[in-house]
Amino acid sequence: MFEVTGVSKTFGDLQALREVDLSVQAEQTTVLIGPSGCGKSTMIRLMVGLVWPDEGTVTYKGQMLTPANVLSLRQKMGYVIQEGGLFPHLTARKNVALMANYLGWAEGRIDSRIETLATLTHFPADGLDRFPGELSGGQQQRVGLMRALMLDPDVLLLDEPLGALDPMIRADLQSDLRSIFQTLGKTVVMVTHDMGEAGFFGDQIVLMREGEIVQIGSLKNLMQSPAHKFVTQFIHAQRRPLESMARGEIVK
Amino acid sequence: MTRTPNTTTSVKFTALCILFCFLFCTSTQAQEIVVGSKKFTESVILGEVLSHIGRSVNASVTHRRELGGTRVLWNALIAGDIDLYPDYTGTLSREILAEENLRDEADIRARLAEMGLVMSRPLGFNNTYVLGMVETRAEALGIRTISDLKKHPDLKLGFGNEFMDRGDGWPSLQNRYVLPHQNVSGLDHDLAYRGLESGTIDVMDMYSTDAEIQYYGLRSLVDDLQHFPVYNSVIVYRVDLIDRAPQVVKEILKLEGLISERKMMIMNAQVKLEKKPEVQVAADFLAKNLNVQVKIKKETAGTRFWRHTWDHLTLVGISLFGAIVVAIPLGIVAFRWARGGQIILGLVGIIQTIPSLALLVFMIPLLGIGGAPAILALFLYSLLPIVRNTYAGLHDISVGIRESAAALGLSDGAQLRLVTLPMASRSILAGIKTSAVINVGTATLGALIGAGGYGQPILTGIRLDDIGLILQGAVPAALLALIVQGLFELFERVFVSRGLRLKGEMA
């Protein structure tokens with residue numbers, strides 16, 4: 001679906017990506033993970049054309065992303081960010097319908113599409129006419145997801161979609177999201193910093209560090225045959241606190 | 001059969017053409033003149049006298065009254081915005097043409113002729129500057145001459161704003177007499193009399209024909225070193241007026257030598273102390289001295305109020321509308337084009353720091369006097385709050401929101417129209433509201449350059465010490481500011497999404 005080939009990107013002095021190659025498979029969920037500043041967010045923003053590579057290319061279905069074609073290609077991608085990115089001056093319904101209205105869809109088509117999406121994302125119908133400021137964080141993310149899905153895109157790009165939510169809501173939305181992905185059979189690229197979440201969603205996990213990809217594979221793959229010491233360290237760093245405390249290793 | 005009607009028609013048509021031509025030609029032959037006057041009573045009275053004379057020979061006369069200062073009138077005369085105005089020989093030689101070292105009236109006349117201007121012979125009175133003190137106070141301190149002031153360096157001096165800066169004013173007077181006074185303030189000439197009466201100042205500059213000198217019982221200090229020149233009252237007019245309105249010029253020159261100091265002082269007193277309107281005083285003078293009968297068109301308080309309101313609304317309406325149309329795009333450009341943006345914000349900021357009166361006067365060489373320069377000045381003043389708030393409104397939108405809009409696949413224009421501008425609308429409206437309120441207030445200064453509006457009664461009221469008249473301008477101006485603010489608040493309720501106001505309440 002996406003082919004990232006030899007891409008480098010710097011922001012000022014910071015080298016965000018160094019000659020990275022990545023292939024994103026259709027109808028699979030690819031999770032980008034790594035510590036802060038590893039380049040995972042830059043990677044997903046390259047795919048939707050919010051940043052452009054200094055070197056190398058990004059292709060979508062064999063078509064190279066350029067400023068000339070990015071507007072039409074974006075309409076085939078759904079993009080959701082951590083805080084939802086909802087427009088506060090529009091109700092949930094108008095946020096979701098914005099692009100369809102812009103493209104001149106008939107009202108009936110828009111309404112039935114929104115109804116389908118509300119059911120799919122378990123979003124309460126009476127919330128549709130509320131403004132983002134009147135919705136909880138979890139509800140806002142569901143609206144963000146509906147907006148991304150409105151034009152029935154081939155790809156969903158999610159940049160830490162659950163990062164700003166508290167743990168209970170997060171768990172709820174995690175399972176809802178996974179069932180949505182399974183129902184729709186879309187290609188999904190997701191950024192997270194949580195290994196558990198990566199394992200929960202990812203058919204393919206891409207572990208990054210300092211602008212480079214360290215290893216690509218399933219969670220099992222990463223745990224059983226790490227390509228680098230860092231892979232094990234990263235997985236353990238996330239697992240250790242709770243397990244260690246459970247074992248009584250940290251006593252205060 | 002068909003020929004006859006055709007012929008009649010063409011005859012009728014020709015006759016009509018001749019008639020129109022006749023009307024047209026006579027109407028262009030009708031003498032149109034514009035009289036100017038400065039914003040003190042004597043000048044306004046003389047301006048009315050000139051206007052009456054013009055009308056008595058069927059000229060169409062406009063009187064730009066109470067313009068703010070000698071320079072405004074002079075520039076307007078040079079530019080041809082006014083045709084004639086009353087001035088004084090001393091002012092011409094020592095202030096307007098101060099650098100040229102003109103010694104007598106012949107010098108002045110010759111120099112003016114080079115500029116395409118003509119100066120009449122003196123009208124008959126000398127209105128020189130004098131320094132004045134309250135009689136009892138001067139007596140107690142033993143002050144008779146300007147030189148005597150040196151012995152009292154603690155006296156508080158208050159001079160008209162123009163006198164503070166004029167070539168023949170305070171700086172040269174201080175040099176000539178070597179006066180040691182430190183406590184010198186500039187204030188409005190008409191307010192200075194009240195300052196003297198209340199004791200906030202001890203010495204002020206007076207015009208020797210001011211009615212207040214007798215009324216307040218003031219002592220004129222002797223100019224023992226003869227610092228002040230003679231200020232013979234004259235009329236200055238453009239040389240082309242002789243061709244354009246020969247009759248008007250002929251009649252006006254009958255004023256030469258006609259107005260004695262006493263007559264002028266009485267007229268000043270009738271206006272300032274007896275509160276007679278200048279038009280009436282001028283008409284009475286002409287009836288008595290030139291046997292010219294003038295019919296005065298009386299304007300009721302109501303029509304005057306609506307005229308001021310209309311003028312004021314025109315000034316505010318056009319300048320504010322123009323500012324909105326220009327400033328919002330400028331704000332957008334400032335935001336999108338990072339480096340140029342700082343230049344734009346800097347420029348509109350600099351405009352805001354120019355004192356409003358100075359900005360108004362700068363406009364005169366470009367646009368003359370009246371509504372146009374005032375509108376341009378107000379327009380420039382209204383830019384900053386709108387540009388800055390548009391910029392800030394766009395700037396405050398988070399990167400996440402902006403990228404979400406871009407990632408949807410909206411074009412740049414659609415992002416602006418559907419997302420970022422509506423989100424910035426609250427800030428933009430707040431900027432417009434600020435501009436509007438400042439604009440309504442600043443527009444009162446437009447009267448100083450002949451733009452009319454609520455500033456007119458304020459200006460006249462200050463000159464005539466008439467609180468009622470001042471309030472006739474000040475109260476409507478304040479109310480208008482409140483109404484404008486209220487309207488924009490209503491506008492905000494309707495046009496700014498509730499979703500944004502919600503955020504404001506939560507924050």
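Conditions tested, residue by residue: (1) within 14 Å of chain A (Cβ to nearest Cβ); (2) buried (at least 21 other Cβ atoms within 10 Å of the Cβ); (3) in a helix (DSSP H, G or I).
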{"residue": "B:Ala414", "(1), (2), (3)": "yes, no, yes"}
{"residue": "B:Arg417", "(1), (2), (3)": "yes, no, yes"}
{"residue": "B:Thr442", "(1), (2), (3)": "no, yes, yes"}
{"residue": "B:Ala478", "(1), (2), (3)": "no, no, yes"}
{"residue": "B:Gly499", "(1), (2), (3)": "yes, yes, yes"}
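For the residues B:Pro373, B:Pro385, the requirement of being assigned to a helix (DSSP H, G or I), in contact with a Ser or Thr (Cβ under 6 Å, 6 or more places away or on another chain), of a type outside the set (A, V, I, L, M) and assigned by TED's automatic domain parsing to the domain that holds B:Gly499 singles out B:Pro385.
Which of the residues belonging to region A:102-126 are among the aliphatic types (A, V, I, L, M) and away from every other protein chain (no Cβ under 14 Å)?
A:Ala106, A:Ile110, A:Ile114, A:Leu117, A:Ala118, A:Leu120, A:Ala125
Each residue in region B:425-461 was checked for being β-branched (Val, Ile, Thr) and farther than 18 Å from B:Leu479 by Cα, and 3 pass. Checking the stated criteria, B:Ile108 turns out not to satisfy the condition of being under 27 Å from B:Ile45 (Cβ atoms), β-branched (Val, Ile, Thr) and surrounded by fewer than 20 Cβ atoms within 10 Å (Cβ to Cβ). Hey, can you tell me all the residues within region B:362-388 that are touching a strand residue (DSSP E or B) at 6+ places or on another chain (Cβ under 9 Å) and either modelled with pLDDT of 90 or more or crowded, with 24+ Cβ neighbours inside 10 Å (or both)? Result: B:Ile369, single match.
Among the residues making up region A:120-161, a single one is outside any helix (DSSP H, G or I) and basic (Lys, Arg): A:Arg130.
For (1) out of contact with any His (no Cβ under 7 Å at 6 or more places or on another chain); (2) hydrophobic (A, V, I, L, M, F, W, C); (3) more than 27 Å from B:Val496 (Cβ to Cβ), each residue gets a yes or a no:
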| position | (1), (2), (3) |
| --- | --- |
| A:Val96 | yes, yes, no |
| A:Met99 | yes, yes, no |
| A:Gly108 | yes, no, yes |
| A:Ser112 | yes, no, yes |
| A:Glu115 | yes, no, yes |
| A:Thr119 | yes, no, yes |
| A:Asp126 | yes, no, no |
| A:Gly138 | yes, no, yes |
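Every condition in (1) touching a helix residue (DSSP H, G or I) at 6+ places or on another chain (Cβ under 6 Å); (2) touching a residue at least 24 places away in the same chain (Cβ under 8 Å) is met by A:Leu50 except one, and the failing one is (2).
Might you check whether a residue that is on the phi > 0 side of the Ramachandran plot and either over 21 Å from the mean Cα position of the chain (by Cα) or not in a helix (DSSP H, G or I) (or both) occurs anywhere in region B:312-329? Spell out how you get there, then give the answer.
Residues of region B:312-329 that are on the phi > 0 side of the Ramachandran plot, as a first pass: none.
Among the residues of region B:312-329, not one is on the phi > 0 side of the Ramachandran plot and either over 21 Å from the mean Cα position of the chain (by Cα) or not in a helix (DSSP H, G or I) (or both), which makes the answer no.
Total residues in region B:444-460 satisfying the condition of being assigned to a loop (DSSP other than H, G, I, E, B) and touching a strand residue (DSSP E or B) at 6+ places or on another chain (Cβ under 6 Å): the figure is 1. Note on region B:389-404: among residues that are more than 7 Å from chain A (Cβ to nearest Cβ) and crowded, with 21+ Cβ neighbours inside 10 Å, the one that is nearest to B:Val325 (Cα to Cα) is B:Thr390. In region A:3-101, counting only strands (runs of 3 or more DSSP E) that sit wholly within it, the ones holding 2 or more residues that are within 14 Å of chain B (Cβ to nearest Cβ) and at pLDDT 90 or above span A:77-80. Taking A:Lys220 as meeting all but one of (1) crowded, with 18+ Cβ neighbours inside 10 Å; (2) at pLDDT 85 or above; (3) under 30 Å from A:Tyr60 (Cα atoms), write down the number of the exception. Failing condition for A:Lys220: (1).
The values are calculated or read from the model by the stated rules, or taken from the named source; none is laboratory data. Fair warning: this is a prediction, and the values are worked out from it, not measured in the lab. Please note: Cβ atoms are built from the backbone with ideal geometry, for glycine as well, and neighbour counts cover all protein chains shown.
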